1. Among the residues of segment A:405-445 satisfying the criterion of being modelled with pLDDT of 95 or more and assigned to a loop (DSSP other than H, G, I, E, B), which is nearest to the chain's Cα centre (by Cα)?
2. For segment B:167-177, how many residues meet the condition of being exposed (fewer than 15 other Cβ atoms within 10 Å of the Cβ) and in a strand (DSSP E or B)?
3. Pick out, from segment A:83-162, the helices (runs of 4 or more DSSP H) lying fully within it that include 3 or more residues that are modelled with pLDDT under 85 and more than 14 Å from chain B (Cβ to nearest Cβ).
4. Determine whether residue B:195 is surrounded by fewer than 19 Cβ atoms within 10 Å (Cβ to Cβ) and within 14 Å of the chain's Cα centre (by Cα).
5. Mind telling me which of the residues B:184, B:151 ends up being touching a helix residue (DSSP H, G or I) at 6+ places or on another chain (Cβ under 9 Å) and closer than 24 Å to residue B:99 by Cβ?
6. Taking segment A:369-397 as the search range and keeping residues that are within 24 Å of residue A:443 (Cα to Cα) and outside any helix (DSSP H, G or I), which one is nearest to the other protein chains (Cβ to nearest Cβ)?
7. Tally up the residues in segment A:464-481 that are at pLDDT below 90 and either more than 24 Å from residue A:417 (Cα to Cα) or assigned to a strand (DSSP E or B) (or both), please.
């Protein structure tokens with residue numbers, strides 16, 4: 001195979017468990033390969049071996065653009081071979097300029113180590129690079145002032161530059177991208193995909209890790225699917241349909257989309273009137289008992305703010321809320337929890353769970369008084385109750401003492417959701433619960449939410465990805481710039497329609513209340 | 001650009017099967033030995049040091065007299081080290097504990113020399129210590145000033161207060177035996193302050209490990225926003241940590257005056273580094289990576305035994321300071337290196 005990356009017979013064992021089992025695959029030049037699989041399927045282990053972070057069990061060679069390199073690589077060797085990695089957090093320094101951020105990877109192009117640095121020349125060169133990727137920003141701008149999409153493109157453009165240590169400036173790269181679009185508003189994803197195509201068309205190999213099936217269908221030339229550390233499929237994307245792709249990832253036939261066992265009741269649990277905040281501009285809606293209501297909209301539409309106000313994490317500027325007939329104006333998250341509102345925040349790792357604590361400690365956060373009897377924490381009772389929750393919510397691996405940092409994203413999210421559910425809420429508020437987790441975990445969380453609603457709990461789910469709301473919500477409120485612009489019901493809760501409404505509210509008729 | 005190196009934050013790090021506790025048994029003997037050595041490294045070091053000094057300075061170190069005086073002299077620094085564990089666990093520094101000790105030492109000396117009963121002196125001084133903690137809490141939690149700066153400022157104010165109270169003199173007149181006995185009474189030949197240290201350690205362990213308060217305090221220190229969203233009042237816990245630290249510092253002040261029978265205007269600052277060194281040493285053992293009570297007790301003993309042994313061997317005057325600093329840096333470095341080794345999860349060390 002010409003160019004790109006080829007590897008054969010790669011295995012990696014952690015503590016007796018096979019994370020990679022005899023993996024042979026290739027990421028050819030001039031193609032975008034989607035690397036797919038559940039959290040824990042071995043994708044990240046594979047990438048980390050190339051990044052020089054892990055050693056394979058047995059020495060192997062990897063061929064990168066016709067150069068044969070022996071594994072393990074050091075991170076420096078990987079870089080010099082043209083292997084590039086872009087992480088979700090982009091590793092850009094907000095307080096520095098675009099040009100200075102380039103210099104980290106690219107080094108200042110000076111004649112000697114001691115300079116002199118020509119700011120003008122640096123800026124001109126960076127501007128030229130950015131222009132080839134369709135970014136017209138001034139290289140002297142602070143990265144912190146840019147929007148996430150532009151930052152993502154800059155991260156990608158930077159990754160495929162070469163430091164002056166390499167002789168050949170036109171050399172090609174294998175670029176690994178970890179969920180580059182996960183944090184982007186849906187209408188801007190295309191700009192990032194366009195940059196991926198540009199890198200491919202210049203002869204680079206692009207490896208895309210993504211949980212967004214629609215995106216993979218749109219952009220990938222090939223798909224490589226891992227399951228339990230093995231390559232279960234490696235084929236052209238053309239000829240695959242989304243269902244087939246999901247089937248490959250999940251294994252066997254895709255399970256049925258879940259169904260509600262019961263319909264929502266008529267009784268109103270939450271009533272919101274004229275709610276205002278820094279973003280929200282007067283929102284009215286109601287949620288009935290046992291109803292699952294979605295909130296769709298682009299980044300900045302006020303969705304997170306609405307969730308935070310309901311959770312007591314932020315104060316409303318005006319408006320009234322009623323919860324189960326009582327006035328509801330939480331000043332703190334604990335007020336909201338006492339009133340019966342549980343919250344799953346958007347930032348799972350930063351605000352949802354405490355990654356440095358064990359699963360058990362996370363699950364009983366805020367609930368310890370249940371186990372505090374006779375002046376002592378009953379640790380055995382806490383452990384027993386944790387095991388029950390692990391079983392009930394299918395958290396894997398089922399080890400209460402394992403640090404939350406070591407769980408996959410989907411299992412971390414199940415832990416956060418299960419803690420919220422364990423408080424027996426009357427209203428559950430979830431903000432982007434499906435972000436960055438695999439399809440299997442998405443389905444499990446959707447089913448947890450449905451079961452809860454069947455028991456009479458009211459649920460509000462916010463998401464920028466309309467696909468997450470379809471099949472789950474009875475009604476979806478569409479927000480645009482802080483205003484409620486439409487409410488979709490029943491068959492109207494379809495991905496195309498929600499996306500259209502969120503992006504172009506003006507093209508639609510007046511919202512019906 | 002290989003930013004995936006930052007393993008602790010990598011969302012890609014989803015299948016690090018080698019890192020969970022349950023998998024420890026499955027790893028090689030070498031890794032397990034390393035793991036245990038790291039976990040109990042400081043404890044092993046303490047034992048080796050005791051054995052070493054007992055052989056080297058066999059005439060002086062392993063005598064009952066030396067050990068009793070060593071414990072008696074370390075009880076007050078020990079209680080102070082426990083005082084810093086709470087704010088540290090909550091993620092904040094309280095640099096005013098040593099100055100608080102100094103101020104309370106001078107204040108209690110003044111009270112005692114004016115003929116107050118020991119009980120009244122204790123109550124008043126503890127109230128002063130608690131009040132200092134409350135003011136710290138109000139500035140840090142209420143106003144939102146960085147704790148490092150706020151308590152540094154508080155330290156300086158208290159040092160000035162000492163000079164105000166004493167005019168720079170040492171207070172000793174009128175401090176009677178009824179007062180000094182609260183620290184110097186002997187129980188089984190050991191000064192009673194050692195018993196206080198032990199009782200406070202047990203209570204502190206109980207509070208940190210067996211109550212919701214301790215767990216929530218740690219949660220506050222690890223991820224304040226996550227703790228708050230889980231319904232924990234992080235401000236109350238933080239304020240509580242400062243007030244308890246202040247009260248314990250005040251107690252150390254009374255005991256210090258009673259132990260010496262006097263209070264110098266300059267007492268205090270010399271207690272700061274050892275207290276932090278002990279707490280940081282403690283965070284490398286027992287519950288590794290977390291500030292914990294028994295680890296801190298071990299840390300206090302490591303510093304005490306090391307300095308005591310070297311002093312008996314005739315070490316010059318600059319050795320204790322260097323020992324304190326070196327012990328802290330070496331211990332923390334070792335913990336970092338081991339954590340890094342574990343993070344990389346090397347395959348099979350046969």
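The values are calculated or read from the model by the stated rules, or taken from the named source; none is laboratory data. All values derive from a computational prediction rather than experimental measurement. Please note: Cβ atoms are built from the backbone with ideal geometry, for glycine as well, and neighbour counts cover all protein chains shown.
1. A:425
2. 0
3. On the way: elements: A:98-106, A:119-132, A:148-159.
It comes to A:119-132.
4. Considered against the rule, which asks whether it is surrounded by fewer than 19 Cβ atoms within 10 Å (Cβ to Cβ) and within 14 Å of the chain's Cα centre (by Cα), residue B:195 comes out as no.
5. Every option except B:151 fails the conditions.
6. Within segment A:369-397, the match that is nearest to the other protein chains (Cβ to nearest Cβ) is A:397.
7. 2
One line per residue, one yes/no per condition, for (1) within 14 Å of another protein chain (Cβ to nearest Cβ); (2) modelled with pLDDT of 95 or more; (3) surrounded by 19 or more Cβ atoms within 10 Å (Cβ to Cβ):
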| position | (1), (2), (3) |
| --- | --- |
| B:15 | yes, no, yes |
| B:27 | yes, no, yes |
| B:40 | no, no, no |
| B:43 | no, no, no |
| B:53 | no, no, yes |
| B:60 | no, no, no |
| B:68 | no, no, no |
